[in-house]
Structure formats: C-alpha cells, structure tokens
1. Name the residues in the stretch 374-411 that are part of a loop (DSSP other than H, G, I, E, B) and without any contact (Cβ under 8 Å) to a residue 24 or more places away in the chain, would you?
2. Given the options Leu408, Leu382, name the one that is under 23 Å from the mean Cα position of the chain (by Cα) and either modelled with pLDDT under 90 or open to solvent by 10 Å² or more (accessible area, probe 1.4 Å) (or both).
3. Name every residue in the stretch 261-293 that is outside any helix (DSSP H, G or I) and open to solvent by less than 20 Å² (accessible area, probe 1.4 Å), in order of residue number.
4. Would you check which residues across the stretch 299-318 are in a helix (DSSP H, G or I) and under 28 Å from the mean Cα position of the chain (by Cα) and list them?
5. Output the number of residues of the stretch 109-130 satisfying the condition of being open to solvent by less than 10 Å² (accessible area, probe 1.4 Å) and hydroxyl-bearing (Ser, Thr, Tyr).
6. So Phe296 ticks every box in (1) crowded, with 22+ Cβ neighbours inside 10 Å; (2) part of a loop (DSSP other than H, G, I, E, B); (3) not charged (D, E, K, R) but one. Which box is left unticked?
Amino acid sequence: MVTQAEAREAPEPSPVASRATVSSGLTVFVEQSPGPQFTWSSAWRVGFRSERDGSHGLAHLCEHLLFQGSPEFPKLSYYRMIEAAGGLANARTRADFTVFFGSARYEHWESVLALEADRFRNTLVSDAIVSNQHDVIAAEVGEKLHSSPRGTYPWVDVPLSLFSNPAHAHDGYAGPAMAEPPATDAVQAFFHENYRPADSVLWLHGPLEPARTMDLVDRLFGEPRLHLHPSPGAVRAVVRNVPKEPVVSRAIGSAVAWALPDPIRREHLGPLLLLVEGLGKALNVDFNANAYWGMFDEPCQMADPLYVTVDAQVPGHQLSAAMRNWLEGIARNGPTQTEISRWAASYALKAGRVRHNRVERTVARSVDALLHGDPQFTDTLLAGLSQIGVPEVAWAAATVLGSNWVVLPHE
C-alpha cells in the first residue's frame, strides 16, 4: 500500500505531475489542473511489434476484448456509465504500445478509476467473444481500407518489404483480420505475457489531490487477467460482408518507403521530422503526394526502427526519382533557414491541433513517459524544431538517401 507520505515524497521527473509506483508495479502520474474535467490514459508496452511470428493481430484483438465486460460490469455497461458521467472513452493499438483513454466530469473520477481497474483485472473472454470481436475488427479494417482516398493503406505492405526481423516485418492490423479467429487460449497467453503493470503508465489529469489519488489507484489496480466466460451464450456478429482473404493494397499509384537507421538518436528525430515535412510539401505540389511516418504518422510516439512512406497516384519510378532529386538537392546545398522555419511552423501547427485536445494531451503524456521515460518528450521536441539549423537537415537528407528504400507499385 502506498502511504500518503510516500506518495508525496515520490520523485517528480518534470514540473507537470507528481509520480509514484504503486504496489502492483504500475507507474502513476497525477497532473493537477483546475476545472470540471477529469482525463485519464493508461499506456501499455504492448503493440504490433510484441507479436511473435504466427501470433499477428493479437495486440489489437486484446484491445477490443478489454471493452467486453466483466462479472460486475457486463458488456456495454462500461460505456453507459462513462456516458452518464458526461464522458467518453476509447483505445488504440500502435506498433509499440496500446493506450486506453477518456474523460469524464471530475466528480465521477473515483468510479471511473474503478471501471478502469476492473477491465484489466476481470474481463471475461470466450470462443464466441473472441470470434465476435475478430469480426468487428474485420469490419473496421474493411471500412477503413475502402474509404481511403486511394483505396489502400500502403503500410499494409511496407513492413513486409522493408524488414526481415519478424517483429517488424508483419502487418499487425489489417491482414490478421481477414484470417480465421485465433484460439482463445492463445489470446489469453498473449495478454498475460504482455500486459504487465511494470510496463505501464497511468496518467491522470484534473483537480486531483495526488496522495489520495495514488492511494486509490494502489488499492484498485492489480495484476491484469483475462478470465474464461463460464457461459458465453449467443454473441451477435456485426460483420458487413468483409471478405475473408488476405489484404492487398489496391491503390492506383505507388508507395515509396525507407527504413531509418536503427537506433534513431533523440537529437536526430527533429531534423528528420522537418525533412519529411518539407518532402511532403514539395511532392504534394506536383504529385499530390502524402508523406507520413510508420503506420499512423506518430514519430514522437514510436520506438525504433522508424520508417517513412510516401504515396502518390504516379508510377513508382517517377515518384522515387522525384524524391531522390529533391533529397540530393537538400543534402548538397541544404534548405534555407526560412524554409526550415516554415516546415517547423507547419509541423508544430499540425501537432498542436491534436495536443490542444485535453484527452489527446493526456494520451501523449502517458505514452511519452512509457516509451521515452520523459512525459514532456514530445513538447520538448516540438519546441526545439525552430532551432534546428541547415547542417542538421542536410545531414538528414544524406542519411535518408543512404537508407534502405523500397518501391511498391499498385497500378
């Protein structure tokens, strides 16, 4: 049990929050802020890259299963209770983490934490529930694939083309949804192996008293477990004619991707961010191209190795040649400082739109603390973009030119 004295004496890694490690091993941050809203985010070090060869898709499936109810709070009661508290809740799975987050009116913070703790300790699973949520994911993936402007996620193919290490060279999102549902015991084993409190950060933001909050978390949060449902009953599937076949990108055009050196040092990420921002703007003019990081364009919230993808509705050799010509010019002559300032302002503006959302800001704090050991990692990075000089961006261009490239035509 964490005493009030221990919680007050816990080290503060930054001025934004109090920190303590509770008896389960969970790291808890309490960020005090006035106002009527309470936000939370629990980030876990489990993602697509946690999946071993043959277990692809389990990270995303476990995310879905943690919304399927427990003996005390059956399915749908979680959402109903959060909505009754004036809030919302959601989750997302990425290459290097899974995060659960939401907001509610402050007066409900204790009951919300009880709900969050219950989902990790007491979620019920069965063959029927696993199959149902597998179908839900298949419908989700099918909808997103077909609603994309180019009819594709090129990154479905990119990891297989860039990497040989099985941890990186697989699609943990789309492909598994089109295969058969995994066995329930395999899902349980993956969850119990990867959902560890010592590899998790809980970030709480609102008008909270740190010692009292830490004490409640210590009493509520224990070892995560998935339990077999004693009588699964009938579960209604929600599939909307999603084909049970491997996902293949169906774009008209091409994707070009490169893998960045591994590992990426912290001081190198800023110049690479600016380079990709400038590349995207340059190619967008002539090719209406998109440039993005990894799967979901979250470079500050990913572990190594990182990769960048550019797609456009032009043949692959044309897109690749245009990229190389632009990068060679940057590596040889460098951009102007005015261009760097413009790219920095553009990227900071896009990132700022997200971070002005209080829930997303809470998510970023928890993930940065988990992956980087610094809850202000992204804030510091963004603040320093305008200070990056021409030599650093020129170095980034030369580094990219020497990296491993793949060209994926989808014509």
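1. Within the stretch 374-411, just Gly402 meets the criteria.
2. Leu382
3. Step one: list which residues in the stretch 261-293 are outside any helix (DSSP H, G or I), which gives 261-265, 288-293.
Residues satisfying the conditions are Ala289, Trp293.
4. Pro299, Cys300, Gln301
5. Residues meeting the conditions: 2.
6. With respect to (1) crowded, with 22+ Cβ neighbours inside 10 Å; (2) part of a loop (DSSP other than H, G, I, E, B); (3) not charged (D, E, K, R), Phe296 is out only on (1).
Residue-by-condition table, conditions (1) modelled with pLDDT of 85 or more; (2) of a type in the set (Ser, Thr, Tyr); (3) closer than 30 Å to Arg365 by Cα; (4) over 22 Å from the mean Cα position of the chain (by Cα):
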site	(1), (2), (3), (4)
Ser161	yes, yes, no, no
Tyr173	no, yes, yes, no
Pro182	yes, no, no, yes
Tyr195	yes, yes, yes, no
Ala198	yes, no, yes, no
Val201	yes, no, yes, no
Leu204	yes, no, yes, no
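Yes/no per residue for (1) touching a His at 6+ places or on another chain (Cβ under 9 Å); (2) closer than 17 Å to Gln188 by Cβ; (3) of a type in the set (A, V, I, L, M, F, W, C):
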| residue | (1), (2), (3) |
| --- | --- |
| Gly86 | yes, no, no |
| Phe97 | no, no, yes |
| Leu113 | no, no, yes |
| Ile129 | yes, yes, yes |
| Gln133 | yes, yes, no |
| Ala138 | no, no, yes |
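The values are calculated or read from the model by the stated rules, or taken from the named source; none is laboratory data. This is a predicted model, so every value here is computed, not measured. With ideal geometry, Cβ positions are generated from the backbone for all residues, glycine too; neighbour counts draw on all protein chains shown. To get the accessible areas, we keep the full protein, side chains included, count just its heavy atoms, and leave off ligands, DNA and RNA. Shrake-Rupley method; radii C 1.70, N 1.55, O 1.52, S 1.80 Å.
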